[in-house]
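Here's the structure, in structure tokens; my notes come after.
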Amino acid sequence: MKNLVILSGAGMSAESGISTFRDAGGLWDKYPVEQVATPEGYQRNPELVIRFYNERRKQLLEVKPNLGHEVLAELEKYFNVIVITQNVDNLHERAGSSHVVHLHGELTKVCSSYDPNNGDYVKELKAEEYEVKIGDLAGDGSQLRPFIVWFGEAVPEIETAMRYVESADIFVIIGTSMNVYPAAGLLNYVPRSSEVYLIDPKEVLVNSSRSIHVIQKGASEGMTELLSRLCK
Ligand code: OAD
């Protein structure tokens with residue numbers, strides 16, 4: 001089977017009712033990114049940051065995967081599919097995708113404030129534990145913090161993601177404005193001989209001279225079209 005590697009962003013989950021970040025009315029309009037998605041913001045006001053991610057987790061219980069996630073999971077019948085996502089939701093997994101790399105962390109997990117990437121202290125929350133409180137501690141005695149890669153922090157999964165991208169026969173970019181690095185730079189690791197598709201209802205400026213098949217549609221329609229183009 002051919003390797004199909006997909007890079008997804010917030011637009012993948014938009015039709016499930018989760019807002020994107022940079023579209024008008026997006027999350028970063030409502031919550032200043034430096035307050036809720038940087039280590040400095042967390043140091044300044046941990047209550048605010050913990051509350052922000054508690055709300056995001058609560059929303060996870062109210063949304064479900066959309067047709068785009070489902071079609072992607074279905075593609076596993078025809079391809080070796082690796083999902084590399086910038087999304088911190090769990091909708092790819094819930095739709096049935098079996099191999100998901102989360103570049104920016106996972107809402108359903110918490111970790112140590114001292115050492116966020118120490119796997120010994122990363123904990124998966126059950127739905128009834130989704131509300132983290134000040135005073136809830138990791139195994140090393142530090143405050144439990146969201147397992148999210150904030151701006152200015154290292155992206156530990158990027159090396160794994162690069163290796164997958166280098167093995168791609170088909171590379172698909174969906175629902176990302178390609179503004180955030182190192183995720184956006186993954187396109188540079190796609191072999192020259194591979195086919196690249198980009199699905200987004202808006203025009204996305206991509207920093208590459210290679211030829212790209214653009215499907216200018218939302219995630220559900222766009223993934224359905226991709227399936228019919230790849231499996232005709
Ligand atoms: P953005 O909000 O920057 O971009 C969302 C993209 O989704 C845009 O290109 C939209 O046109 C597109 N879009 C909107 N509706 C769509 C739909 N129905 N179907 C498909 N696409 C649609 O989000 P990301 O590129 O994912 O990081 O942002 C990257 C990172 O920046 C995020 O992971 C987050 C953010 O700050 C962290 O929180 C660490």
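Here the residues 78, 197, ranked from fewest to most Cβ neighbours within 10 Å of their Cβ, fall in the order 78, 197. In the frame of its principal axes, the chain has Cα extents of 55, 31, 31 Å, reported largest first.
Annotation: Cα Rg of region 1-139 relative to the compact-globule expectation 2.2 N^0.38 Å equals 1.11.
For region 97-209, what is the charge dipole size about the Cα centre, in debye to the nearest 20, if Lys and Arg each add +1 at the Cβ and Asp and Glu each add -1 at the Cβ?
Details: 8 positive and 17 negative charges, 38 e Å.
Dipole about the Cα centre, nearest 20: 180 debye.
Counted by Cβ distance under 13 Å from residue 37, the other residues give a net charge of +2, where Lys and Arg count +1 and Asp and Glu count -1. Using only the C-alpha atoms, the convex hull of region 31-106 corresponds to 88 Å³ per residue.
Specify whether the C-alpha gyration tensor of region 159-232 places it in the rounded, prolate or oblate class, a ≥ b ≥ c being the square roots of the eigenvalues: rounded for a/c under 1.5, otherwise prolate if a/b is larger than b/c and oblate if not. In terms of gyration-tensor shape, oblate. Ranked by the mean number of other Cβ atoms within 10 Å of their residues, highest first, the peptides 7-15, 22-30 fall in the order 7-15, 22-30.
Summary of the geometry: region 106-120 and region 216-232, compared by the centres of their Cα atoms, lie 36 Å apart.
222 nm [θ] for the chain, helices only, -39500 (n - 2.57) per DSSP H run of 4+, per residue, to 500? Don't jump to the answer; show the numbers that get you there.
Numbers: 9 runs with 69 residues, N = 232.
Using -39500 (n - 2.57) per qualifying helix, the result is -8000 deg cm²/dmol.
Ranked from highest to lowest mean number of other Cβ atoms within 10 Å per residue, what is the order of the peptides 216-228, 44-56, 133-145?
Numbers: 216-228: 18.8, 44-56: 16.3, 133-145: 14.6.
Averaged packing, sorted descending, gives the order 216-228, 44-56, 133-145.
Per the Debye calculation on region 1-52 with a single equal scatterer at every Cα and no solvent contribution, log₁₀ I(q)/I(0) for q = 0.13, 0.14, 0.26 Å⁻¹ amounts to -0.45, -0.50, -0.97.
Just the number, please: Stokes-Einstein D of region 110-171 in µm²/s, Kirkwood Rh from C-alpha pairs, 25 °C, 0.890 mPa s.
182
Computed across region 42-83, the Kirkwood radius stands at 13.0 Å (inverse of mean 1/r, all Cα pairs).
Using square roots of five times the C-alpha gyration tensor eigenvalues, list the equivalent-ellipsoid semi-axes of region 75-138 in whole Å, biggest first. Display every interim value, and only then the final one.
Values: eigenvalues 151, 36, 14 Å².
Equivalent ellipsoid of region 75-138: 27, 13, 9 Å, largest first.
Taking a straight line from the alpha carbon of residue 30, these aspartates and glutamates sit under 14 Å away, with near neighbours fewer than eight places off in the same chain left out: 55.
We did not get these values from a lab; they are worked out from the coordinates using the rules stated. This one's a predicted model, so the numbers in the text were calculated from it and none came from an experiment. Cβ: placed from backbone, ideal geometry, glycine included. Neighbour counts: every protein chain shown.
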